Every structure is written in C-alpha cells, then in structure tokens.
Amino acid sequence: MELQDDLLPKDIVAELNKYIVGQNDAKKAIAIAIRNRYRRMQLKEDELREEILPKNIIMIGPTGVGKTEIARRMAIILNAPFVKVEATKFTEIGYVGRNVETMVRDLVAESVRLVRKKKEEEVLQTAEKLAEEKIIFELLKKKKTLIKKFNLNEELEDVKNEFSLNKLLYEKLRKGELDDFYIEIDEPATLDAVSSIGMISATSDLEEINMNIKEMIDNLMTKRNKKRKLTVAKARKLFISQEIDKLLDMEEICEKALALAENGGIIFIDEIDKIISSGGESSGKGGPNVSREGVQRDILPIVEGTIVKTRYGTIKTDHILFIAAGAFSISKPSDLIPELQGRFPIRVELSSLKKDDFMKILNDTKNSLIKQYVALLKVENIKIEFMNSGIEKIAEFCDEVNKRNENIGARRLHTLLEKLLEDISFECDKYTGKTVKIDAKFVQKKLDKLIEDIDLSKYIL
Ligand SMILES: Nc1ncnc2c1ncn2[C@@H]1O[C@H](COP(=O)(O)OP(=O)(O)OP(=O)(O)O)[C@@H](O)[C@H]1O
Ligand SMILES: [Mg+2]
C-alpha cells in the first residue's frame, strides 16, 4: 500500500477546516509533516531516505480549543495508520499496567487492519465465486427438497440433467430467491476459543503468551467439527469470509503492514503534559512523580528510534511521526525531560477561542452541535430553528462565562446548549409538531439568570 499522493498540504488543511475553526498554525504544521512522509518515500537514494527523520510536533494550547479534535479528524482523513493514545494511560516498564511499547503495537495492528482491508477488497470477487460454488454444492445435497419446494420441475427442461439444474440454481441464488432456504454445513467450533483470545490480548501485554495460546487453540479446534443449520443468505456470508481468509496471504500482509507503519505511521500522544512530574526538582524520590518521569524516559527510545517486537513482526520506530499535545496549564514544555523535548522540534500553539470562533463553531462546522440538536429533536417532530441572533447570544454568553469562571474553551458550548434546550428536550411531548425559534430573546430568557448569578453558573454551566 502506498502513502496517499493526492493530499497536498492545503488539501489536508481544507479538510480539517470543515470541522475545526481557527488554529491555523497547528493545521499547517501537521499538513506539512504529513506531506513530508510522502516526499521522503519518493526519494531514490536509500541512504538519504534513511537520514531524513520526521519532525515531530508538539501542540500546546489551553483546554477545549481543538487539540484532541484535530487528532480525531486526522484519523479519519488520512489513509495511513494512525493511533491516538493518552500519555496518562501508560506506566513505567516493569510496573503493572500498559507499557509504552503497546502504542507501537497498536499502530502495527492498525496498519495490518488497513492493509488487510485493501487486500480483502482485491480478493472479494474471487471469494464470492468460491462461496457460491460451495453453496451450490450444499444445495445439491438437498436436491429433492429443493425441486419440490420451488417447483423446479416446471422450469427445468430435464430434471435429470445436472447441468441445467446447476444453472437454474445459480440463477435463483443470484436473485436471492434461495436466501431463506436452510442448508447444513460443517463448522469448526471456533467461536468460544476466539473470543477468549480476544479477552487475553485486550487485558495483557504479554504478546508471546498470547501467541502460544492461539497456536494451542488452533490445534485443538481443527479436531472438533460441528454440523450447523443455517440459511443460504447466512451461509453465503460465512463462506465468503472463510474464502477471504484462505485467499489472503497473511505473511505478505504483515510484511506490507510493517513497512507502512514504519514509514507512514503516526502516533498521537495526547495529554503529554500530564506526565510531567509536579513540583519540579524539589519533589525528590518516591510517589507518582517518579513513575511519570519514568514514562517519559520510556517514551524516549520509541520516539528516538528503536525496535519493537509485535505479534506481526518487528518494527523500527525511527520514521514514525509523533504528534504530542497538552494543555500545559500548570507546566511548560520545558518541564519535560530535556531529551524528550529535543525530540519534538516543532512547537505550535493553539489560541484560546473568542466569541467569533464560537459563532463559527456553532454555525459553520460540519456536524456542529446545533445540527446535532436539530436532528435529535426532529425525531420528536419538533422543529428547532436557530436564528442568527440566538447563535450570537450563545457565543457571547460562552465567552463571558469562560472569562468569569474557568476557561474551558468550546466545551462550554456543550453545557450552554444543553441547558438552553433542557426544557424542550425533557418535555418533548408538549412541543410535538411545533417550531421553536431560538433567537437572542430566547437565549437571554433561558440563560440570563444562570449567568448573572456567578455562584450558580459555576455549578451549572
Ligand atoms: N477550534 C475548534 N473548532 C471546532 N470545535 C472545537 C474547537 N475547539 C474545540 N472544539 C470542540 O470542543 C470540544 C473539546 O475540544 P478538544 O477535545 O479538542 O479539546 P482539547 O484542546 O483537547 O482540550 P484538553 O486540553 O482539555 O484535552 C470538542 O467537542 C470540539 O468539538
Ligand atoms: Mg484533549
């Protein structure tokens, strides 16, 4: 699989613009970093290509201004393996918990998923054909019942002629006319075993144990076959997925996926400021601080370039792009251990949001909160119309409460809107069939008291 070559930096920014208001520096830096991966892969000189390391980015900005949101949107836009992790989820290697290497393993797993999906599309047609053949084979075992049930005699020139029966069955199968007919198939008893593997791998880090168990169970399973009755429609789905599995060359997929993750993978480390040890130098030893710094120290080799073993093979992390983000409200990027700071050469600041931004967030973003509320209440047959004056008032209040209480950025819009529409939302039956216009007066009436009363607004908004 290739890295996308049709996404120019400005296209990436344009795509992000659909969802995120402002924060142009961050968008630009990310767009350039992503394009650089593609540029690097086009280089013919191996030596030079190896030398070019990604310029990792650190995004700094107050709470609720779009850091995590940018990551979420990137994941959707990019056709490259991307994982988002929270720095606080990790514990120092040697302690109980998730160690930092799992982020690389998750990235590889994501890459395998992407490559596999592409390959699945490639073999789908073949798999469908093979599945069809298998179904016809099963159907022919029930020839008599079929002929009787579907009155095939009338349609067939010669019932004894296998060829014309086959042809007719194929026709009917493709038209879906046999979908509800039951056939009996052999099915290996895999379900329980597979789900228990899932459980183990979700909770533990010990990939090797995991692999051994899987092997063990694989051996067990092949010996226990069961008969199962199911409809043609369901059997078709099952056979297709079985045939896909058989057609896929997992070894090739893993190889490609590892290469893709190595050269195109992006790991987004959110909440990086939360693994800064509080209290600075005086904090001494012991307590949570030591382990936070331990996590930083563990992250270091991964960002710098190391080799990580995964169940799909080993991966070099040198060329993975890392993007970190944090609010840094009580700390600074320079409180990170110096080695780690040096590994994130590009720093971008996200600015706090003002009234105009809030208006744009409400008005212009795809799937904005307003659109969500309108759609939700439409289900109750209530027509909510947001007037411009109403939106402006909400944005104004948002700015005001953020200034007076704590500044929680665009998150404040969520609480404000929820309060604003609470009554309608609760007493929806009263409003059925009605249109509610939300203008400045409406907003004022609903929220004024709350906003006036500073103490109250601290609790409620
Ligand atoms: N610039 C923006 N444009 C559009 N929506 C935004 C913007 N900033 C924040 N939001 C909205 O506000 C909510 C919170 O934003 P987000 O999760 O990105 O905050 P954050 O910057 O990661 O803050 P924190 O440091 O607290 O994690 C999201 O639901 C998002 O939709
Ligand atoms: Mg966040």
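The values are calculated or read from the model by the stated rules, or taken from the named source; none is laboratory data. If you're wondering where the values come from, they're calculated on a predicted model, not measured in any experiment. Glycine gets a Cβ as well: all are built from the backbone with ideal geometry, and neighbour counts include every protein chain shown.
List the number of the failed condition for ILE60; all other conditions in (1) out of contact with any strand residue (DSSP E or B) (no Cβ under 6 Å at 6 or more places or on another chain); (2) within 16 Å of ligand 2 (Cβ to nearest atom); (3) touching a residue at least 40 places away in the same chain (Cβ under 8 Å) hold.
It is condition (1) that ILE60 fails.
How many residues are closer than 23 Å to ILE20 by Cβ and over 31 Å from the mean Cα position of the chain (by Cα) if we restrict to region 401-419?
2
Can you give me the number of residues within region 375-424 that are modelled with pLDDT of 90 or more and polar (S, T, N, Q)?
The qualifying residues number 3.
With (1) part of a helix (DSSP H, G or I); (2) modelled with pLDDT under 70 as the list, and THR145 as the residue in question, which single condition is left unmet?
Only one criterion is unmet by THR145, namely (2).
If we keep just the residues of region 305-318 that are under 23 Å from the mean Cα position of the chain (by Cα) and either in a loop (DSSP other than H, G, I, E, B) or not assigned by TED's automatic domain parsing to the domain that holds ILE34 (or both), which is surrounded by the fewest Cβ atoms within 10 Å (Cβ to Cβ)?
Across region 305-318, the extreme among qualifying residues is ARG311.
I'm checking my understanding of the structure. Among residues of region 389-413 that are surrounded by fewer than 21 Cβ atoms within 10 Å (Cβ to Cβ) and within 16 Å of ligand 2 (Cβ to nearest atom), which one is farthest from VAL65 (Cα to Cα)?
Filtering region 389-413 for residues that are surrounded by fewer than 21 Cβ atoms within 10 Å (Cβ to Cβ) and within 16 Å of ligand 2 (Cβ to nearest atom), the one farthest from VAL65 (Cα to Cα) comes out as GLU406.
Would you confirm whether or not region 88-96 contains a residue that is surrounded by fewer than 16 Cβ atoms within 10 Å (Cβ to Cβ), more than 16 Å from ligand 2 (Cβ to nearest atom), in contact (Cβ under 8 Å) with a residue 40 or more places away in the chain and farther than 26 Å from LEU413 by Cα?
Among the residues of region 88-96, at least one is surrounded by fewer than 16 Cβ atoms within 10 Å (Cβ to Cβ), more than 16 Å from ligand 2 (Cβ to nearest atom), in contact (Cβ under 8 Å) with a residue 40 or more places away in the chain and farther than 26 Å from LEU413 by Cα, which makes the answer yes.
Give region 56-100 a look and list any residue that's within 14 Å of ligand 1 (Cβ to nearest atom), under 16 Å from the mean Cα position of the chain (by Cα) and of a type in the set (Gly, Ala, Ser), or say none.
ALA71, ALA75, listed by residue number.
Out of the residues in region 339-365 meeting the condition of being among the basic types (Lys, Arg) and more than 10 Å from ligand 1 (Cβ to nearest atom), tell me which one is surrounded by the most Cβ atoms within 10 Å (Cβ to Cβ).
Applying the filter and picking the extreme gives ARG343.
Give region 236-269 a look and list any residue that's basic (Lys, Arg) and farther than 30 Å from ILE135 by Cα, or say none.
LYS256
So which residues in region 319-338 are buried (at least 19 other Cβ atoms within 10 Å of the Cβ) and among the hydrophobic types (A, V, I, L, M, F, W, C), if there are any at all?
ILE320, LEU321, PHE322, ILE323, ALA324, ALA325, ALA327, PHE328, LEU336, listed by residue number.
Hey, any hits in region 14-36 for a residue that's surrounded by fewer than 17 Cβ atoms within 10 Å (Cβ to Cβ), more than 16 Å from ligand 1 (Cβ to nearest atom), modelled with pLDDT under 90 and not in a loop (DSSP other than H, G, I, E, B)?
yes
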